[in-house]
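Each remark here refers to the structure printed beneath this line.
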Amino acid sequence: MTRAVVYTRISRDPEGEALGVQRQRQDCLDWAAREGWVVVDVLVENDVGASSYSRKPRPVYASLLERAQGREFDVILAYSNSRLTRRPLELEELIRLHESTGVRLATVVSGDDDLSTADGRMVARIKASVDAAEAERVSERTRRAKLQRARQGRPMTGGGRPFGYANDRLTIIDDEAAAIRDAARRVLGGESLVSIVADWNRAGSPATVHGGLWTQRTLRGILRSPRIAGLSEHKGKVVGAAVWPAIIDRDSWERIRVEISAPGHGKHEHRLLSGLLRCACGSKMSPTGRAGLYRCAPVPGTGGCGRVARKYGPLEQWVIAQWADHMTELTGSEYWTREEDLTAPDDAAVEAEEEVTRRIATLRDRWAAGTIGDEDFFPLI
């Protein structure tokens, strides 16, 4: 008795109806019935590419290979070779799979390649090369069509809708556009993305396209996008005016891009304590960028337990609040020092104190200039 697993796949299914894989499934089942094989399972991978240009993972295909290693079946049956893979390297993996397990490959329309012979492997490799070349040609045509569409100022198809516009990518959603204009005004007024995101998340409005919490990265991406200025782009470059209406004017958008792209923008609030924090193990805690954490990272040669991490915002707000409370309790003479407490500090202590003084001065200047409010300068805990 020959045990077979049917594997079906189609690269694009924008309607989500899975009609392509259904047709493959029926053709494969009919083929197996004619051969007298027992189909032990039918595996489906819908709307997933198999070429080197596809970024989507193929978990069902990975499971297929794992089960083949366990010798759960004797034949992998697909509609065609290209349904299994369009990557020559993956074909080599299938050849090694056959050599180690004896599992065969069979197709409805591409024939059966005997992977146990040199000629059979050669034919299979030629087919894989042809499939890969076809994938490359499709990719070239797709890229050229996208460039043409961008130059014509027409919206791209596929993917989710952009914030500020409806699903047609042409119609402005008023409340979302108002939020973009509010963010633009605040950034041009000197406010940080951190503050804007915190306000929006605290108020629960506006909502992101997916209904999740706002992040600096999300808001920065929206404000940097030429789309909100009524411009069309291709691979990050503006290629002309778009057919959809602008939410903000181009001059404001260009100024915003300069502002939020400047080195260090938005980092003061997040990295106020850089170089000053110490873990309980005695090692320095460092900011971790995207993770938004101060972390005691294990670094070869310098120690670090790797077990302690604290979020930027809450920790820095707590430190500033403690400093503010302490400052209100001190008299003028206590603020500077008491004579009997004067000692000769070491260089590291002096450098740390100077760094704190500089950071406090920066916060005070920003508060005095009105770019941060009382709620940020004297946060409640």
Task: Single unsatisfied condition, ARG217 versus (1) in contact with a Pro (Cβ under 9 Å, 6 or more places away or on another chain); (2) open to solvent by 20 Å² or more (accessible area, probe 1.4 Å); (3) touching a residue at least 40 places away in the same chain (Cβ under 8 Å) - done: (1)
TODO: Those residues that are more than 13 Å from GLU176 (Cα to Cα), in contact with a helix residue (DSSP H, G or I) (Cβ under 8 Å, 6 or more places away or on another chain), surrounded by 14 or more Cβ atoms within 10 Å (Cβ to Cβ) and free of Cβ contacts under 8 Å to residues at least 60 places away in the same chain, I need them from region 197-213; list them, please.
DONE: VAL197
Task: Verdict on ILE172 being surrounded by 19 or more Cβ atoms within 10 Å (Cβ to Cβ) and within 22 Å of ARG149 (Cβ to Cβ) - done: no
Task: Enumeration of residues in region 222-235 that are closer than 15 Å to VAL258 by Cα and open to solvent by 40 Å² or more (accessible area, probe 1.4 Å) - done: ARG224
TODO: Please find, among ALA124, ALA145, the residue that is of a type in the set (A, V, I, L, M), touching a Leu at 6+ places or on another chain (Cβ under 7 Å) and within 29 Å of ASN81 (Cα to Cα).
DONE: ALA124
Task: Scope region 180-196; condition under 30 Å from VAL243 (Cβ atoms) and open to solvent by 10 Å² or more (accessible area, probe 1.4 Å); matching residues - done: ARG181, ASP182, ARG185, ARG186, LEU188
TODO: Please list, ordered by first then second residue, the pairs with beta carbon atoms under 7 Å, 6 or more apart or interchain, first in region 164-175 and under 20 Å from THR218 (Cβ atoms), second surrounded by 12 or more Cβ atoms within 10 Å (Cβ to Cβ) and basic (Lys, Arg).
DONE: ASN167/ARG161; ARG169/ARG161
TODO: Check GLY159 against each of (1) farther than 19 Å from ILE247 by Cα; (2) surrounded by 13 or more Cβ atoms within 10 Å (Cβ to Cβ) and name the one condition it does not meet.
DONE: (2)
TODO: Mind counting the residues in region 275-307 that are modelled with pLDDT under 75, under 26 Å from the mean Cα position of the chain (by Cα) and not in a strand (DSSP E or B)?
DONE: 8
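Listed here are the residues, each with its yes/no results for (1) among the β-branched types (Val, Ile, Thr); (2) outside any helix (DSSP H, G or I); (3) under 22 Å from the mean Cα position of the chain (by Cα).
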residue	(1), (2), (3)
ALA184	no, no, no
GLY221	no, no, yes
ALA246	no, yes, no
ILE260	yes, no, yes
Open item on the list: With the structure loaded, tell me whether LEU115 is among the aliphatic types (A, V, I, L, M), more than 28 Å from GLN22 (Cβ to Cβ) and free of Cβ contacts under 8 Å to residues at least 12 places away in the same chain or whether it fails that test.
Closed with: no
TODO: Evaluate region 163-170: report whether one residue or more is hydrophobic (A, V, I, L, M, F, W, C), over 30 Å from ARG34 (Cβ atoms) and in a helix (DSSP H, G or I).
DONE: no
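The values are calculated or read from the model by the stated rules, or taken from the named source; none is laboratory data. On a predicted model such as this, the values are computed, not experimentally measured, just so you know. Note that we place each Cβ from the backbone using ideal geometry, even for glycine, and neighbour counts take in every protein chain shown. All accessible areas refer to the heavy atoms of the entire protein, side chains included, with ligands and DNA or RNA removed. Shrake-Rupley method; radii C 1.70, N 1.55, O 1.52, S 1.80 Å.
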